[in-house]
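See below for the structure under consideration.
The values are calculated or read from the model by the stated rules, or taken from the named source; none is laboratory data. Keep in mind the model is a prediction, meaning the values are calculated, not measured. Counting neighbours? That spans all protein chains shown, and the Cβs are built from the backbone with ideal geometry, glycine included.
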Amino acid sequence: MAENGNSRQSPEGNGKCRPEMFLVQPFSFIGEKVIGWINVLGTATIFLVMALWKTFRPKQFPKVIAQIYYIGASSTTIIILVGLFTGMVLGLQSYHALSQFGAVGGLGALVSLSLIRELGPVLTAIMITARAGSAITAEVGIQRISEQIDALHTMHVDPFRYLISPRITAAIISFPLLTAVFDFVGIIGGYISGVMLLGLNAGVYSHSINANVDMKDLTDGFIKAIVFAIIVATVCCYQGYFVHMRTDSHGAKAVGLATTSAVVTSCVLVLVSDYVVTSMLLI
Amino acid sequence: MNTTPLIEFRNITKRFGSHTVLENVNLQIYEGQVTTIIGLSGSGKSVLLKHIIGLLHPDEGTILFRGKPLNEMNKSEISSSLHQISYMFQGNALFDSLMVYDNIALPLMETTNLKKAEINRRVMARVEQTELTDAIHRYPSELSGGMQKRAALARALITDPQIVLFDEPTTGQDPVRKNAILSMIAQYQRKFNFTAIMVSHEIPDVYFISNRILALYDKSIVFQGTPEELGNFKHPFTDEVINSLEGLQKELTGLYSRRKFKVLNHAQLRRGQSDENYCVAVFTLSDIDAVNAVLGHDTAQEIIHAMGLYIDKHFGAIGGFSTRNKANEFVTVLPYSDMAEAEKIMNEFVEDFHERGISDIWAEAQKRAPSDKCVDFAIRAGIAEGQPVAEIDAIVISAKSQQKEIGRLRCAAKE
C-alpha cells in the first residue's frame, strides 16, 4: 500500500497523479478485496470442518448439552413470542387478501406453508443470531483478548474442542428444534387471528393445512434451519475467535465491532443462503 | 556449568511486521533452578517467554529442549516436551465464567482421565497450599488481586509440571504481597522441584529467590549469571535498567537497596581514617519456612517488613545504615565503632528487643495480615568487626558465624 501511495506522486514530486494509476487502482482494490474474502472463506471453512471433526472427541457431550441449553432452551421464550405474533399477523393480512378473491378457505395452507418453508427457518435464525449469536461472539472475543484462549493452549486444552466445537454442534441441533417450535406456534397464531378473531371455520383452517402441507415442506424447512445454524454459529464463533486479528480496532472496541459484524454478516448470509437453498430445493 | 541446558535459545529472532522484538537471542536455562529474565517494559520479555511454551514461533534461530532442536522433533515429541511446561499469565487469564475450583480443576478435567474424586483431592490439596479454601466457590472477579494470583498459581501447578513460566507474577501488588508471591514461588519451587522461569521487574526482590538472572536489553540477552555476578556487571544495561528499576530504598522494608548500601559503605570508608574500624551486624529471621507454612506468605512478609523497620529505627538513630541481604536476612553497618562499642550497642538492642521488639513485630504483622494461627519463630543476630580493606561480604559471613538467638516469639506466651 505504501508503494502505491508513493507511486501516485510524479517523479518531479509535484503531487500530480500519473494517469495510468487511475486505471490500475480500481482493479487493485477489487483484487485485494476478493483475495481477502477468499482467504476468509477458506479459513472459515477449515474452522467449521475442524470444529465438526472435534465434536466426536471424548468429554464433548456435557459441553454440547450445556450449549444446547444456552442457545436452544434459553431462546424458546423469544421464539414462541415472535412465532405467535408472526403467525397472527400473517393470518390477519392473508385473511383480508384472500377474502377479496373468496378464497379464505386457503388461509391455513398459506399460513402454514409460509411459516414452514420460509418464515420459520429465517426468522428463527435471525432471532437466535440476535440473542445467542451476538453473545457467543462477545464471550469468545473476550476470552481471546483476556488471554483465556492462550491459557487453554498452555494447559494443552484444544480451544477448538473446548470452545468452538460444542457451540457449532449445539447450534446444528437447536436450530431445527426451535424452527419446529416457531412453525407450530406460528400456525396457532394464524388460527387465533383467522379462526378466533375473524370467524373462519376451524375445520376449514385445519383441513387446508392437512391437505396442502406434505413431508417435503417440513424437511425443506429443516434443511434450511441446519444450513442457517452452520452459517450463524460459524460466523459468530469465527468473529470472536479471531477478534485479535482485526486491523480496525483492538481490545474491547474490537469485541464490540466483531459482535456487530457477526450479527450483520449472519443475517445477510441467512437471507442470501435462503434464496440459494430455496432455488436448489425447488429444482 | 557443564550440564546440558533444559532450554536453549540459539540466535532467535522474532519480528512483528517490520518491528524486530528479539534479535539473535542466545540463552540457556538449567533444570531445577529459578531463572529470572529482567528488562525494561516492552523489551520483549513476555515474547521470549511465549516462545518457550510454543505460543509464538521464532522467525529465525533454534530452540533446543534438553539439547534437541524443536524443529527436528516430531509432533509427539514436541507435544510431550510442551506438556511438561505450565504458564502463569501476567493478567492471570483465569476463566471469569468459572469458579475458582473449576478454574484450578480445568486442566485435569480436560487433559486426564482421572476420576472425579481424585481430581477433587488434587484440587483441594493445591487450594489449601495456596490458602484459597474460602474462595473456591467464588468467581475470579470477586477475588482480590493477590487471591487471583494465587488461583492462577494453583492452576499452573495442578498438573505437577516440570517447568513453570511466570510472566510478571507480582504486577499490581503492594510490596508485602509482591514479596509474598515471590516467597511462595520460591517455596513451591523447592517443594516440588520444578524449574521456574520468571519475567519480572521486581529488582532487587527477585534476586533473593533467583539462581540465575538473564538480562534482556536492546533486543538481545546481554547478561546471564547469578545475582551476585550481576552486581559486578559493567554495561549500559546496569545504568539504564537496573538503576531505574531498583529504588534507592526497598519498597518492602524501607531500608537501603544493596547497591545504595554498598555505596554508603564505600563512602564511610573513604571518609574515615585508615585505622578507623566499623562493625557489621547480621540479623536473621529463623524458621521462615515454618512461618510461611503455618501463617502464610503474607504474614511472613509482614514480619520481615516490621523487622526491617524496627532495625532501621533503632540503628538509624545512631548513624547506622541497613539493607536486606537475603529474603530473611538484614545487614547493618555501625560506622566508627570498634567491637566493644558495637557489643554495647547490640546489648542495648537485645534488651529492647526482648522487652518489646519481638511483640511489636508480631503486633505489626497481625495488623495487616491477621491470622488466628501462631508459630514460634526466632531472630538471631551476630556482629563482626570490619576492616577498611576488607570486602563487606566477607565481614557479613564472619558476623553470621557469630549469630545467636536474640529473641523468640513463643505462641503460648501470646495466647
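The table below lists the values:
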read-out	value
Options A:Leu177, A:Leu152, A:Leu197; residue that is more than 19 Å from A:Ile68 (Cβ to Cβ) and out of contact with any Pro (no Cβ under 6 Å at 6 or more places or on another chain)	A:Leu197
Flag for A:Ala138 being within 14 Å of chain B (Cβ to nearest Cβ), modelled with pLDDT of 95 or more, out of contact with any strand residue (DSSP E or B) (no Cβ under 7 Å at 6 or more places or on another chain) and within 25 Å of A:Val263 (Cβ to Cβ)	yes
Only one of A:Phe182, A:Phe175 that is away from chain B (no Cβ under 14 Å), more than 19 Å from A:Lys63 (Cα to Cα) and modelled with pLDDT of 95 or more	A:Phe182
Single match in B:Ser141, B:Ser183 (criterion: away from every other protein chain (no Cβ under 14 Å) and in contact (Cβ under 8 Å) with a residue 40 or more places away in the chain)	B:Ser183
Candidates B:Arg150, B:Arg155, B:Arg138, filtered to the one that is among the basic types (Lys, Arg) and surrounded by fewer than 24 Cβ atoms within 10 Å (Cβ to Cβ)	B:Arg138
Tabulated pairs, region B:116-127, first outside the structural domain of B:Pro161 (by TED's automatic domain parsing) and surrounded by 18 or more Cβ atoms within 10 Å (Cβ to Cβ), second assigned to a helix (DSSP H, G or I) and hydroxyl-bearing (Ser, Thr, Tyr), C-beta under 6 angstrom, 6+ apart or interchain	none
Verdict on A:Arg161 being surrounded by fewer than 23 Cβ atoms within 10 Å (Cβ to Cβ), of a type in the set (Lys, Arg) and in contact with a helix residue (DSSP H, G or I) (Cβ under 6 Å, 6 or more places away or on another chain)	yes
Yes/no for B:Ser86 being within 14 Å of another protein chain (Cβ to nearest Cβ), surrounded by 20 or more Cβ atoms within 10 Å (Cβ to Cβ), of a type in the set (S, T, N, Q) and within 15 Å of B:Val164 (Cα to Cα)	yes
Region B:326-345, residues that are surrounded by fewer than 21 Cβ atoms within 10 Å (Cβ to Cβ) and of a type outside the set (D, E, K, R)	B:Ala327, B:Pro335, B:Tyr336, B:Met339, B:Ala340, B:Ile345
Some residue of region B:279-295 being under 30 Å from B:Lys45 (Cα atoms) and either modelled with pLDDT of 80 or more or out of contact with any Pro (no Cβ under 9 Å at 6 or more places or on another chain) (or both)	yes
Counted residues, region B:96-108 - those being within 9 Å of another protein chain (Cβ to nearest Cβ) and surrounded by 18 or more Cβ atoms within 10 Å (Cβ to Cβ)	2
Of all residues in region B:161-209 being at pLDDT 80 or above and hydroxyl-bearing (Ser, Thr, Tyr), the one that is surrounded by the fewest Cβ atoms within 10 Å (Cβ to Cβ)	B:Tyr188
Residue match in region A:244-255 (condition: closer than 30 Å to A:Phe222 by Cβ and hydroxyl-bearing (Ser, Thr, Tyr))	no
Matching option when the condition is in contact (Cβ under 8 Å) with a residue 24 or more places away in the chain and assigned by TED's automatic domain parsing to the domain that holds B:Lys149, among B:Lys75, B:Lys45, B:Lys50, B:Lys68	B:Lys45
Residue selected from region A:44-56 under the condition over 18 Å from the mean Cα position of the chain (by Cα) and closer than 12 Å to A:Tyr238 by Cβ, by the criterion surrounded by the most Cβ atoms within 10 Å (Cβ to Cβ)	A:Met50
Flag if B:Asn71 is at pLDDT 90 or above, in contact with a Ser or Thr (Cβ under 9 Å, 6 or more places away or on another chain) and surrounded by fewer than 20 Cβ atoms within 10 Å (Cβ to Cβ)	no
Close pairs from region A:269-280: first among the aromatic types (Phe, Trp, Tyr), partner modelled with pLDDT of 95 or more, Cβ under 7 Å, at least 6 apart	none
Pairs where the first residue, in region B:29-42, is outside any loop (DSSP other than H, G, I, E, B) and the second is among the hydroxyl-bearing types (Ser, Thr, Tyr), C-beta under 6 Å, 6+ apart	B:Ile29/B:Thr35; B:Val34/B:Ser210; B:Thr36/B:Ser200; B:Thr36/B:Ser210
Residue ranges of helices (runs of 4 or more DSSP H) in region A:47-144 with at least 2 members closer than 18 Å to A:Phe184 by Cα	A:76-99, A:107-113, A:120-128
Residue list for region B:74-83, filter: loosely packed, with under 15 Cβ neighbours inside 10 Å and at the interface with another protein chain (Cβ under 10 Å from one of its Cβ atoms)	B:Ser79, B:His83
Answer from A:Asp274, A:Asp220, A:Asp214, A:Asp248 - the residue that is more than 25 Å from A:Leu115 (Cβ to Cβ) and among the acidic types (Asp, Glu)	A:Asp248
Condition check for A:Thr179: buried (at least 21 other Cβ atoms within 10 Å of the Cβ) and within 19 Å of the chain's Cα centre (by Cα)	yes
Of all residues making up region A:146-169, the number that are facing chain B (nearest Cβ under 7 Å) and not acidic (Asp, Glu)	9
Selection count, region B:19-43, where residues are buried (at least 16 other Cβ atoms within 10 Å of the Cβ), out of contact with any helix residue (DSSP H, G or I) (no Cβ under 8 Å at 6 or more places or on another chain) and at pLDDT below 90	1
Long-range neighbours under 6 Å by Cβ, at least six apart or interchain, first residue touching a residue at least 40 places away in the same chain (Cβ under 8 Å) within region A:85-101, second of a type in the set (A, V, I, L, M, F, W, C) and not in a helix (DSSP H, G or I)	A:Tyr95/A:Leu198
Criterion violated by B:Asn113 - all others in (1) exposed (fewer than 15 other Cβ atoms within 10 Å of the Cβ); (2) away from chain A (no Cβ under 11 Å) satisfied	(2)
Selection within region A:186-221 - under 21 Å from the mean Cα position of the chain (by Cα) and closer than 19 Å to A:Val82 by Cα	A:Gly186, A:Gly221
Matching residues in region B:379-395 - criterion: being at pLDDT below 85 and closer than 30 Å to B:Asp298 by Cα	B:Asp393
Complete set of residues in region B:155-192 that are of a type in the set (Phe, Trp, Tyr) and under 16 Å from the mean Cα position of the chain (by Cα)	B:Phe166, B:Tyr188
Test result for B:Ile52, more than 8 Å from chain A (Cβ to nearest Cβ), closer than 20 Å to B:Phe194 by Cβ, touching a Lys or Arg at 6+ places or on another chain (Cβ under 9 Å) and not basic (Lys, Arg)	no
